[in-house]
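Single-structure report; data block below.
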Amino acid sequence: MHDKVPYLDLPAQIRPLRKEIDAAIARNLDACSFCLGPDVVQFEKDFAKYCGSEHCVAFNSGTSALHVALLLLNIKQGDEVITTPCTFVATSWAISYVNATPVYVDVDDATFNLDPNLIEKAITPRTKAIVPVHLYGHPFDVDPILAIANKHNLPIVEDTAQAHGAKYKGKSVGTFGAMSCYSFYPGKNLGAAGEGGALITNNAEYAKRARSLREHGSTVRYYHDEIGFNYRMEGIQGAVLGVKLKHLAQWQEARRRVAHRYHELLADTPLRLPREPAYAESAWHLYTVRHPRRDELKKFLDDNGIGNAVHYPMPLHLQKVYAHLGHKPGDFPVAEKAAGEVLSLPMYAELTDEQIQRVVSTVKKFFAKK
Ligand SMILES: Cc1ncc(COP(=O)(O)O)c(C=O)c1O
């Protein structure tokens, strides 16, 4: 019996970096700069540069960054925000936290991202912003969405939580909208040793107010200009992220290699494989395939030691928490069909060719069985 292939192998990522990470944490401990501090400031500079953006404001999570992004746009009760039902729930949390209403628009069948052709129909006089997601690390089709946003004078907040290093027509995602929000949850392409997030923007006013909102609505200690939050990034996370950022480009290359290998080896299976449209350079956060017999395939992979996961089993418009929006099955058929068919295979920079072969041969065994 072969070893299992884990869905995610964080120990394999950390092992070769242990010395560097240990030294960075030790420096941070010696300096006792635990909340924000120089390591976070340095990481903000480095990550802004990596993204090709002027400002980076570090947060304690991607969810907090998204919340603050909507506060910066003064979105409030009675406002509507157009977004996707095909994402992790945190995208919608931000809209709910400011008491606005998420207005879902169905996704494109090929990319799982907002379908630009359906957005205009959803715009009303109450619409105040669009929050599209670069799901699984695949860039959404920026140009047509930007054209609609500009025509209706609506700001875009890009949810780049899964898309570190992705490019649209050669330019980093996250630089097209008014701002974008990243997550550094440990399993992300760039992950902290705990929670973390960032807001990226070219707008100095947004960056300034974001810094205040993350720190109790304060720019001068113990003087508070508005209701704020404790959304600060921890110093240790800044130190660890600073080390890992240096390896990100190389990890992205490795993810591309894994994706291409899967493409080659799975091409002759009945699975529908993810593709990069001509405009996209994916971050390959996930390698998500589709098949109508997803649940059976999932069980077969589970039984045979191949890690896998479903992102996501229920679109947001059908979640109990959003029942008050009054949606029913059939409202967003493309998102609903995807939720029943998607399955993410192991995808990380450290995945070996032998492990990829094992994943593929197990998938092939499943289809050979019946
Ligand atoms: C698409 C998306 N948006 C937002 C978030 C929230 O980020 P965090 O977990 O850092 O709060 C995540 C990550 O989990 C995500 O995948």
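Under the convention that each Lys and Arg Cβ holds +1 and each Asp and Glu Cβ holds -1, the size of the dipole of the chain around its Cα centre is about 380 debye. Farthest toward the positive end of the dipole of the stretch 240-336, out of 262, 314, 242, is the Cα of 242, where the dipole comes from beta carbon charges about the Cα centre.
Charge dipole of the stretch 250-351 (Cα centre as origin; +1 on each Lys and Arg Cβ, -1 on each Asp and Glu Cβ, all else neutral): 180 debye, rounded to the nearest 20. Would you mind checking the pairs 49/171; 4/369; 19/49 and listing those with alpha carbons more than 23 angstrom apart? Too far apart for the 23 Å limit: 19/49. Alpha-carbon geometry of the stretch 167-214: the Rg and the Dmax are 12.4, 34 Å, given in that order. Between the C-alpha center of the stretch 148-213 and that of the stretch 45-100 there is a gap of 8 Å. In the chain, the DSSP-assigned H stretches of four residues or longer account for a calculated mean residue ellipticity at 222 nm of -12500 deg cm²/dmol, using -39500 (n - 2.57) per stretch and the full residue count as denominator. For trypsin sites (Lys or Arg not before Pro), the sites in the stretch 42-112 that DSSP calls loop and that have at most 14 other Cβ atoms within 10 Å are 76. Look at the dipole of the stretch 98-215 built from charges on Cβ: of 201, 130, 173, the Cα furthest out on the positive end belongs to 201.
Which of 208/244; 76/169; 121/298 have a Cα-Cα distance over 32 Å?
Where the Cα-Cα span goes over 32 Å, the pairs concerned are 76/169; 121/298.
If R₀ is 35 angstrom, what is the calculated FRET efficiency for the pair residue 150 and residue 225, using the beta carbon separation as r and rounding to 0.05? Computed FRET efficiency for residue 150 and residue 225 comes out at 0.65. Between residue 31 and residue 247, the contour length at 0.36 nm per residue exceeds the Cα-Cα span by 75.3 nm. A dipole drawn for the stretch 48-113 from +1 and -1 charges on Cβ atoms has a positive end, and of 51, 89, 102 the residue lying farthest that way is 51. For residue 87, the residues whose modelled amide H falls within less than 5 Å of its own, excluding neighbours fewer than 5 places apart on the same chain, are 316. Spacing of the modelled spin labels on residue 96 and residue 19, each 7 Å from Cα toward Cβ, amounts to 4.7 nm.
When only Cα pairs below 8 angstrom with a gap of at least 6 residues are kept, the stretch 116-268 shows a relative contact order of 14 percent. With +1 on each Lys and Arg Cβ and -1 on each Asp and Glu Cβ, and nothing else charged, work out how big the dipole of the stretch 214-273 is about its Cα centre, in Debye to the nearest 20. Computed about the Cα centre, the dipole is about 280 debye.
How high is the relative contact order of the stretch 191-262, in percent, counting Cα pairs under 8 Å that sit 6 or more residues apart? Here the relative contact order equals 28 percent. Here residue 320 is the anchor, and the lysines within straight C-alpha reach of less than 16 Å, apart from those fewer than 8 places off in the same chain, are 328. Within the accessible surface of the stretch 68-201, defined with a 1.4 Å probe on protein heavy atoms only, the carbon and sulfur portion equals 51 percent. Restricting attention to the stretch 37-172, close to 25% of DSSP beta bridges with both partner residues there are antiparallel. Taking the DSSP bridge list for the chain and keeping only pairs wholly inside it, about 65 percent are antiparallel. Contact order for the chain, expressed relative to its length and based on alpha carbon pairs under 8 Å spaced 6+ residues apart, stands at 23 percent.
The values are calculated or read from the model by the stated rules, or taken from the named source; none is laboratory data. No experiment lies behind these values; they were computed from the predicted model shown. All Cβ positions, even for glycine, are placed from backbone atoms using ideal geometry, and neighbour counts span all protein chains on display. The area values use the complete protein model at the heavy-atom level, side chains included, leaving out ligands, DNA and RNA. Shrake-Rupley method; radii C 1.70, N 1.55, O 1.52, S 1.80 Å.
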